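Q: Have a look at the structure that comes next, please.
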Amino acid sequence: MKELQHLNKYFLKYKFHLIVGVIITIVARIFLLFTPRYVKEIFVIIEKYLKGGVTESTIKTELTEVILYIVGAALIGGILTFFMRQTIINVSRYIEYDLKNEVYAQYQKLSLNFYKKNRTGDLMNRISEDVGRVRMYAGPAIMYSINTIALFVIVIIYMINASPKLTLYTVLPLPILSVIIYKLSKEIHKRSTIVQEYLSKLSTYTQESFSGISVIKAYGIEPKTSRNFNQLASESKAKQISLVKVQAWFFPMMILLIGTSNLLVIYVGGMQYINGEIESLGTIAEFIIYVNMLTWPVATVGWVTSIVQQAEASQKRINEFLKIEPEIKNHSEASTEINGDLVFKNVSFTYDDTNIQALKDVSFSIKEGETLAILGKTGAGKSTILDLIGRLYDIDSGSIIINNLSLAKHNLTNLRDNIGYVPQDAFLFSDTIKNNIKFGKEDATEEDVITAAKNAQVHKNIVKFNNAYDTILGERGITLSGGQKQRISIARAIIKSPKILLFDDCLSAVDTETEEKILKNLNKISKGKTTIIVSHRVSSAKNADKIIVLDAGIVLQEGTHETLIDQDGYYKDLYLKQLSENISSQS
């Protein structure tokens, strides 16, 4: 139960609803327990009539009165039971909502390193399947536990008042039941953890297969993918069956023990009636009803125990991620002004997952409103510089300064709000084109969206679609071509009019003519904004105020277009020419 202590804060949050639910539960049990006592009264009335103690008209009146009491108590108990479920089960839904939001918020805080080490399917399984199992603990498990405890306490009191000796024989099987539950619960907890792990594997494989369906079809490996899925599904099924086999012991064992209690009531009660220790057969009937009223609560003990064990296993998996301290922390609550002055001083950075040193003592500076082009071949460390500016990673050594203040001391939210970032791999959401562009500025008008699209040279493509800007894109923007995705990604970045614009090789999928038009528009848009353009194509740097050339994380040369690039659009330096992947591309 240690792992489930994480939910205590939510129980405190909704304590009023829970307290009301507990009160309603107790009152509902009291009304439902009127039935056995009135059944006993019926037997007493009938026995009096058989002995000639009452007339026929009197017995009819008394029986009608008792039956009305039973119906009335059952109706009130049923109504209260409905409100009990509405109160406590609703709390479990509130907790599920809060816990999902907590997990989602934690996912957003965690760094890119976390996502490199964990698979998407596993992340999805923990926020859906695992949270769903925890909800069962916060709702049905608690409700039935309260119901069972309340019923047991009240029933035992009633039974002792009726016949202490008969009560003792009736509850005799219960300690045996407790031992069985304890033994089985340990095994259920162990197997539940394994089941959840396999569900994560299955979710991950399925998600990756659906996301990469085009690659699977292109390579014609559908049969192999299906076999792998079937094997994983079979293993998961085997683990589920293994768990269910243990769970299946609960109900038969409980039915057996309840049946044993019924036999004891009939035998012991019958002997007591014969010996004159109890006055009426109604007491035996009353006890049989009590025992059968305990049947479902006792049966739910096993079910609830199973739910608790599964919830604990699931919450443990959730807590593993919730306890991870985000690597990128916001060290300032105050939002400082950002104008775009940027300085790198001897910055070095190594990726944790690969241990590759991406940058080595990189230094450069750029003033507000200037444009910097970072050139170099693939793997030179160009994209890493942009990631560090947005604090997607923190540097190992050196310093990054914006507005004479260390990057780490800026408010993280304010920093990223002032950055427009176009990644190398353009990611678009499964939404309308309009909403994908407005992602950079939620309150943007339709005119703003169209203007941004025109500046990104994608407006003409969009209006040709049947639904134009209201066209729904497929997952990751699969509906569009590579160049269209890149241009919509550019529109998304420039619509927010940030202080700093970062373009990560975002023109690699467009032709030379379109690239020229986009660069002209970007040159106009970036007036007064600090702009960094990353590319392996020399042509992308023609409008830059400064150029740095990277190779293997080291700045080889720094200068301007005039000092580094010749009239034909090639590097002047022979060594740089040899490093260039697109030596024949012209500006």
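The values are calculated or read from the model by the stated rules, or taken from the named source; none is laboratory data. This one's a predicted model, so the numbers in the text were calculated from it and none came from an experiment. Cβ placement follows ideal geometry from the backbone for every residue including glycine, while neighbour counts extend to all protein chains displayed.
Q: Criterion first (in contact with a Leu (Cβ under 7 Å, 6 or more places away or on another chain) and assigned to a helix (DSSP H, G or I)) does residue 137 satisfy it? Write out each step before concluding.
A: Numbers: in contact with a Leu (Cβ under 7 Å, 6 or more places away or on another chain): yes; assigned to a helix (DSSP H, G or I): yes.
Judged against the criteria, residue 137 is a match.
Q: Scan (1) outside the structural domain of residue 127 (by TED's automatic domain parsing); (2) outside any loop (DSSP other than H, G, I, E, B); (3) aliphatic (A, V, I, L, M) for the single condition residue 338 breaks and write down its number.
A: If we test residue 338 against (1) outside the structural domain of residue 127 (by TED's automatic domain parsing); (2) outside any loop (DSSP other than H, G, I, E, B); (3) aliphatic (A, V, I, L, M), just (2) comes out false.
Q: Another question, if that's okay. Quick check on region 424-447. Is at least one of its residues crowded, with 22+ Cβ neighbours inside 10 Å and closer than 30 Å to residue 564 by Cα?
A: Yes, region 424-447 has at least one match.
Q: So which helices (runs of 4 or more DSSP H) stay within region 386-467 end to end and still have 1 or more residues that are in contact with a Phe, Trp or Tyr (Cβ under 8 Å, 6 or more places away or on another chain)? Outline the logic, then answer.
A: On the way: elements: 412-417, 433-438, 446-455, 459-462.
The qualifying helices (runs of 4 or more DSSP H) are 433-438, 446-455, 459-462.
Q: At pLDDT 75 or above and closer than 15 Å to residue 487 by Cα, is that true of residue 505?
A: Values: at pLDDT 75 or above: yes; closer than 15 Å to residue 487 by Cα: yes.
Spelling it out, residue 505 is indeed at pLDDT 75 or above and closer than 15 Å to residue 487 by Cα.
Q: Look at residue 271 and say whether it is part of a helix (DSSP H, G or I) and at pLDDT 80 or above.
A: Working: part of a helix (DSSP H, G or I): yes; at pLDDT 80 or above: yes.
So residue 271 passes the test.
Q: Would you point out the residue of region 315-328, among those that are outside any helix (DSSP H, G or I) and free of Cβ contacts under 8 Å to residues at least 60 places away in the same chain, that is surrounded by the fewest Cβ atoms within 10 Å (Cβ to Cβ)? Working first, answer last.
A: Kept after step one, since they are outside any helix (DSSP H, G or I), are these residues of region 315-328: 323-328.
Filter once more, so that each one left must be free of Cβ contacts under 8 Å to residues at least 60 places away in the same chain: 323, 325.
Values: 323: 9, 325: 7.
Looking at residues that are outside any helix (DSSP H, G or I) and free of Cβ contacts under 8 Å to residues at least 60 places away in the same chain, I get 325.
Q: Which of the following residues is free of Cβ contacts under 8 Å to residues at least 40 places away in the same chain and either crowded, with 16+ Cβ neighbours inside 10 Å or among the β-branched types (Val, Ile, Thr) (or both): 232, 263? Break it down stepwise before answering.
A: On the way: 263 fails: either crowded, with 16+ Cβ neighbours inside 10 Å or among the β-branched types (Val, Ile, Thr) (or both).
Result: 232 is the single residue among 232, 263 that is free of Cβ contacts under 8 Å to residues at least 40 places away in the same chain and either crowded, with 16+ Cβ neighbours inside 10 Å or among the β-branched types (Val, Ile, Thr) (or both).
Q: Let me ask another. Which residue, of 493, 456, 452, is closer than 30 Å to residue 109 by Cα, more than 28 Å from the chain's Cα centre (by Cα) and crowded, with 17+ Cβ neighbours inside 10 Å? It would help to see each step written out before you state the result.
A: On the way: 493 fails: more than 28 Å from the chain's Cα centre (by Cα); 456 fails: closer than 30 Å to residue 109 by Cα.
After ruling out the rest, the residue left standing is 452.
Q: State yes or no: is residue 195 in a helix (DSSP H, G or I) and either outside the structural domain of residue 241 (by TED's automatic domain parsing) or at pLDDT 75 or above (or both)? Let's see the steps before the verdict.
A: Details: in a helix (DSSP H, G or I): yes; either outside the structural domain of residue 241 (by TED's automatic domain parsing) or at pLDDT 75 or above (or both): yes.
For residue 195, the condition - in a helix (DSSP H, G or I) and either outside the structural domain of residue 241 (by TED's automatic domain parsing) or at pLDDT 75 or above (or both) - is met.
Q: Turning to a different aspect of this structure: Scan region 276-290 and tell me whether some residue there is in a helix (DSSP H, G or I), surrounded by fewer than 17 Cβ atoms within 10 Å (Cβ to Cβ) and in contact with a Phe, Trp or Tyr (Cβ under 7 Å, 6 or more places away or on another chain).
A: yes
Q: Which ones in region 83-110 are under 22 Å from residue 211 (Cβ atoms) and touching a residue at least 60 places away in the same chain (Cβ under 8 Å)?
A: Across region 83-110, the qualifying residues are 103, 107, 110.
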